[in-house]
Amino acid sequence: MRLTLTGLTVATLLIPVAANAQVTIQMANIRCDQYLAMPPSDSEKFSAWMSGWFSYQTRTPWVDLVAYRQNIANVKAWCQKYPNEKVMSGLKAATGTQ
């Protein structure tokens with residue numbers, strides 16, 4: 001009886017660990033149609049990541065919130081025209097950075 005109780009306790013403790021598996025996403029391969037189809041919460045997170053990555057690449061150590069919002073709008077507008085292109089291409093084109 002004690003062995004069964006111990007086994008159930010261990011199993012109960014291990015089940016949540018298995019359920020928290022992580023998913024790896026190659027952010028540079030996200031296409032515009034995928035970005036535009038994201039739910040708002042995912043789109044916000046992706047946009048923030050994209051902004052941080054791009055700021056790092058262009059050596060920009062600050063965040064201009066007005067420019068941030070405008071850049072997101074520019075990228076989304078570009079993506080509507082080029083749905084099969086990668087979002088990173090759109091970011092470069094929409095911000096005028098190569």
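Where a number appears in this text, it was derived from the coordinates with a stated rule and is not lab data. Please read these numbers as outputs of a predicted model, since none were measured by experiment. As a convention, Cβ positions derive from the backbone with ideal geometry for all residues, glycine included, and neighbour counts pool all protein chains shown.
As a rough footprinting exposure proxy, the listed residues 31, 59 were ranked by other beta carbons within 10 Å of their own, and the order from fewest upward is 59, 31. Taking other residues whose beta carbon is less than 13 angstrom from the beta carbon of residue 93, and scoring Lys, Arg as +1 and Asp, Glu as -1, yields +3. In plain terms, the chain from residue 66 to residue 30 could stretch by 10.5 nm, reckoned as 0.36 nm per residue minus the Cα-Cα distance. Remark: the stretch 58-67, residue by residue, has Karplus-estimated 3J(HN,Hα) of 9, 6, 9, x, 9, 10, 9, 5, 5, 5 Hz, where x stands for each Gly or Pro and the curve is 6.51 cos²θ - 1.76 cosθ + 1.60 at θ = phi - 60°.
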